[in-house]
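Colleague: Okay, handing you the structure first.
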Amino acid sequence: MASVTDVHERGRETDESRARATSRSEPHAALQRKHRNARLRQGLGWLSVGIGTAEIVAARRLSKWMGTRRFGVMRLLGVRELATGAALLARRRRPARFAWARVAGDVMDLGLLGALYAASRRPRQRARVAGTAAAIAGITALDLVGGRRLARERTASSARSRPRSRSTLTVNRDPAELYQAWRDFENLPRFMKHVLAVEPRGDGRWRWLVEAPGGKRLEWNAEIVHEQPGREIAWRTLSESQVELLGHVRFERAPGKRGSRVTLDVQYLRPPGGLAAPIARLVGKAAGAPMHEELRRFKRWIETGEVPTTEGQSSGRAPRKTRKEEERR
Amino acid sequence: MKATCWYGKHDIRVVDVPDPQILNPRDAIVRVTLSAICGSDLHLYNGFIPGMRRGDILGHEFMGEVVEIGSEVHNLKVGDRIVVPFPISCGHCFFCEEESFSLCENSNPNAWAAEEIWGHSPAGIYGYSHLVGGYAGGQAEYVRVPFADVDHVKVPEHLSDEQVLFLSDVFPTGYMAAENCDIEPGDTVAVWGCGPVGQFSIRSALLLGAERVIAIDRFPERLQMAREGGAETIDYMETDVYDALQEMTGGRGPDSCIDAVGAEAHAPGLIGAYDRTKQALMLETDRPFALRQALLACRNGGTISVPGVYGGILDKMPFGAVVNRALTIRSGQTHVQHYMPSLLGRIENGDIDPSFLITHRMSLDEAPHAFEMFAKKQDECIKVVLVP
């Protein structure tokens, strides 16, 4: 049986570095990538803002320098740059889209410069236009690289690939107790919001009943592929399941009287499609948080004996009917 | 039942809502016998706290009689008379075990939202926006109390509701603010703001052995109440606060400063206009005028204790004063559960009778009017209690 480490494709991570990671964990590679991409997005955004401001403020001088009097066009280009820059800086979803907008803008600029080049007669003016075009071409190359990198981030996290979610929390209990509580899979529905039931099939395998967003019900069978009592459990779905995923939870003693550090790692092994796609989104980046929320509910359930909630409390809002109530009618 | 609900800025209504129900095994339902409007409720009223939803039930200072208990509440019974602390705390997480109850890791169902703006989430709080859980509050006839086995103090028959109600928030909050000053014999403590928390800070500082307390406000009735509590006073509309404090402390500054004002400080002149403008443009969320003044006035190596509520991003803080003069800043939502038993003891043995604070007694139906009156400080209003 392949160890969890292999299945998770930890790659270059050696046993030694993993041992170190358990006591002093370094930021996860995905976190570093996220940070790099955020900086890239910001860089492109400020570049847009800078160019846009220059085009608006110095429209007349820039136009004149390149030998045209149509500085209105220059201002419009400036407005376009500012809009793109603002969208990139405002941390809108799908930054790649706006990075591509930058590329489209560059192409447009190059086209305009081409027309200007053809129309200009004096060699000095031609040289200036050509120089500007070269600069724009350089920026275009930069934008292309940026767009591709940001686009990769999106496909890497979209439901079509193999979404993965990893999160960690400190729980005020011994690793052994936490292991025991998790190992009894029948407990999972008590804190996992979308898991309706986990039942033993009798052959060491478990049948999961899960409610996907949108109310669809999914079923799959899973088996434990690796475990170390008191430390970790890994499970994966059997290959005939609609959803093929690998789950891994690790319990490590936290320093002092801090209990345990619990790390939950869920990954899709095959791009899920059809009915299973919505559940994949739960794990995917857009919903990296929901898996963290599952882990948080585990902590809360085990520390307090219940999962704190305000669902069903009174308010001055018109009562909304839950789906279950609708079904009953 | 009737409940005081928030429908928007300056829009509070008392409406009929469904009775609360037990949702979890450690819940209890309390029939509210007395509740109060807190100064921090005014930040909601004035629309400065994000994360409110139309129809949220307000109120985090309340007490009453237990009418129903969940299956896992073993230390309460129907009929018990309890005061409920405003932070909701599980009692079993790392922070609850070290009695930092307002930092409970488990009680805020919307912890992710708080993490977005504050980095980490504090405990849930009744009726104080969905950032801290969106729990229905106690300015109502009934209220659901989660973790009721941990979050209560039983009060004896011979003490009236008005004497013990403020154990829910303002008394422990003022007390913790004073305790955070680590008062030594001979110390002078300056208190910005003579609202309810300021009043309890003044009295607590003296109970904890301060030599002098200097209170700062502009409303005569509040300054009067501060003097009755043993403080000397400064009216900041009449005198420059820094100069007055320098003179009163022999040029050294107060040993500790308490900012019991928080996010909506009133400031005269240019700096006040600056903060109001930035706040209106949403470039800062708070108007930290009192805090700035406290940082500059405090003596070298002194402590700034901040019970006043700030919500988000503050601007133009003289942080150089903190570094170069070795100031300590201490703050936090109050760990009410930690203080309730000992402060109940102080009420019982006559050290203090918190009911001095109440200026207005009104019925729950009058809550909208009470909010307006309290916000505009009309009719010398300092503290309103509401009887359902």
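Colleague: Mind checking which residues of segment B:33-61 are small (Gly, Ala, Ser) and modelled with pLDDT under 95?
Modeller: B:GLY39, B:SER40, B:GLY47, B:GLY51
Colleague: Moving to a separate point now. Which one is surrounded by the fewest Cβ atoms within 10 Å (Cβ to Cβ) among residues in segment B:129-142 that are more than 9 Å from chain A (Cβ to nearest Cβ) and farther than 18 Å from B:GLN337 by Cα?
Modeller: B:GLU141
Colleague: Moving on to the next point. Please go through segment B:65-85 and give me each residue that is surrounded by 14 or more Cβ atoms within 10 Å (Cβ to Cβ) and either of a type in the set (Lys, Arg) or assigned to a loop (DSSP other than H, G, I, E, B) (or both), ordered by number.
Modeller: Selection gives B:GLY70, B:GLU72, B:VAL73, B:LEU76, B:ASP80, B:ARG81, B:PRO85.
Colleague: Being open to solvent by 60 Å² or more (accessible area, probe 1.4 Å) and under 17 Å from A:TRP46 (Cβ atoms) is the requirement here; does A:ALA90 meet it?
Modeller: yes
Colleague: Restrict the check to segment B:332-340 and report whether at least one residue is closer than 26 Å to B:THR4 by Cβ and open to solvent by 40 Å² or more (accessible area, probe 1.4 Å).
Modeller: Yes, segment B:332-340 contains a residue that is closer than 26 Å to B:THR4 by Cβ and open to solvent by 40 Å² or more (accessible area, probe 1.4 Å).
Colleague: Looking at B:PHE166, B:PHE219 in this structure, which one is open to solvent by less than 10 Å² (accessible area, probe 1.4 Å) and touching a helix residue (DSSP H, G or I) at 6+ places or on another chain (Cβ under 9 Å)?
Modeller: B:PHE166
Colleague: Return the residues of segment B:102-119 that are more than 8 Å from chain A (Cβ to nearest Cβ), at pLDDT 95 or above and open to solvent by 20 Å² or more (accessible area, probe 1.4 Å); say none if nothing qualifies.
Modeller: B:LEU103
Colleague: Does B:MET52 qualify as being under 21 Å from B:GLY134 (Cβ atoms) and more than 10 Å from chain A (Cβ to nearest Cβ)?
Modeller: yes
Colleague: State yes or no: is B:PHE166 within 13 Å of chain A (Cβ to nearest Cβ) and either closer than 30 Å to B:SER363 by Cα or at pLDDT 95 or above (or both)?
Modeller: So B:PHE166 does not fit the description; no.
Colleague: For the structure I just gave you, tell me whether B:ASP41 is of a type in the set (Asp, Glu), touching a residue at least 60 places away in the same chain (Cβ under 8 Å), crowded, with 19+ Cβ neighbours inside 10 Å and within 23 Å of B:MET373 (Cα to Cα).
Modeller: Here the answer is yes, as B:ASP41 does meet what is asked.
Colleague: Of everything in segment B:23-46, what is more than 30 Å from B:GLY312 (Cα to Cα) and hydroxyl-bearing (Ser, Thr, Tyr)? Give them in sequence order.
Modeller: The one that is more than 30 Å from B:GLY312 (Cα to Cα) and hydroxyl-bearing (Ser, Thr, Tyr): B:THR33.
Colleague: Go through segment A:244-269 and report how many residues are closer than 10 Å to A:ASP174 by Cα and among the charged types (D, E, K, R).
Modeller: Number of matching residues: 5.
Colleague: If B:GLY70 satisfies all but one of (1) within 13 Å of chain A (Cβ to nearest Cβ); (2) without any contact (Cβ under 8 Å) to a residue 12 or more places away in the chain; (3) over 30 Å from B:TYR310 (Cα atoms), what's the number of the condition it fails?
Modeller: (2)
Colleague: Restricting to segment B:48-64, name every residue that is in contact with a strand residue (DSSP E or B) (Cβ under 6 Å, 6 or more places away or on another chain) and not in a strand (DSSP E or B).
Modeller: B:MET52, B:ARG54, B:GLY55, B:LEU58, B:GLY59, B:HIS60, listed by residue number.
Colleague: Just name the residue that is nearest to B:GLU98 (Cα to Cα) out of those in segment A:233-268 that are out of contact with any strand residue (DSSP E or B) (no Cβ under 7 Å at 6 or more places or on another chain) and away from every other protein chain (no Cβ under 14 Å).
Modeller: So, considering only residues that are out of contact with any strand residue (DSSP E or B) (no Cβ under 7 Å at 6 or more places or on another chain) and away from every other protein chain (no Cβ under 14 Å), the one nearest to B:GLU98 (Cα to Cα) is A:SER239.
Colleague: Filter segment B:86-101 down to the residues that are in a helix (DSSP H, G or I) and either of a type in the set (Asp, Glu) or facing chain A (nearest Cβ under 8 Å) (or both) and list them by number.
Modeller: The answer is B:PHE94, B:GLU97.
Colleague: If I filter segment A:111-118 for residues that are in a helix (DSSP H, G or I), more than 23 Å from A:LEU44 (Cβ to Cβ), among the aromatic types (Phe, Trp, Tyr) and at pLDDT 85 or above, do I get at least one hit?
Modeller: yes
Colleague: Let me ask something else about it. Scan segment B:22-33 and give yes if some residue there is in a strand (DSSP E or B) and open to solvent by 40 Å² or more (accessible area, probe 1.4 Å), otherwise no.
Modeller: Among the residues of segment B:22-33, at least one is in a strand (DSSP E or B) and open to solvent by 40 Å² or more (accessible area, probe 1.4 Å), which makes the answer yes.
Colleague: Being buried (at least 19 other Cβ atoms within 10 Å of the Cβ), assigned to a loop (DSSP other than H, G, I, E, B) and not β-branched (Val, Ile, Thr) is the filter here; which residues of segment B:285-302 pass it?
Modeller: Within segment B:285-302, B:ASP286, B:PRO288, B:CYS298, B:ARG299, B:GLY302 qualify.
Colleague: OK, next. Identify, from the list B:ARG252, B:ARG276, B:ARG287, the residue that is among the basic types (Lys, Arg) and under 30 Å from B:GLY209 (Cβ atoms).
Modeller: Among B:ARG252, B:ARG276, B:ARG287, only B:ARG252 is among the basic types (Lys, Arg) and under 30 Å from B:GLY209 (Cβ atoms).
Results for (1) within 9 Å of chain A (Cβ to nearest Cβ); (2) under 28 Å from A:TRP301 (Cα atoms); (3) at pLDDT below 95, shown as yes or no for each residue.
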{"site": "B:TYR7", "(1), (2), (3)": "yes, no, no"}
{"site": "B:ILE12", "(1), (2), (3)": "no, no, no"}
{"site": "B:ILE22", "(1), (2), (3)": "no, yes, no"}
{"site": "B:ILE29", "(1), (2), (3)": "no, yes, no"}
{"site": "B:MET63", "(1), (2), (3)": "no, yes, no"}
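Colleague: May I pose another question? Return only the number of the condition from (1) open to solvent by 30 Å² or more (accessible area, probe 1.4 Å); (2) over 26 Å from B:TYR339 (Cβ atoms) that B:GLU211 does not satisfy.
Modeller: (2)
The values are calculated or read from the model by the stated rules, or taken from the named source; none is laboratory data. This structure is a prediction, so every number in the text was calculated from the model and none was measured. FYI the Cβ positions are ideal-geometry reconstructions off the backbone, even for glycines, and counts take in every protein chain you see. Heads up: the accessible areas ignore ligands, DNA and RNA and are worked out on the full protein's heavy atoms, side chains in. Shrake-Rupley method; radii C 1.70, N 1.55, O 1.52, S 1.80 Å.
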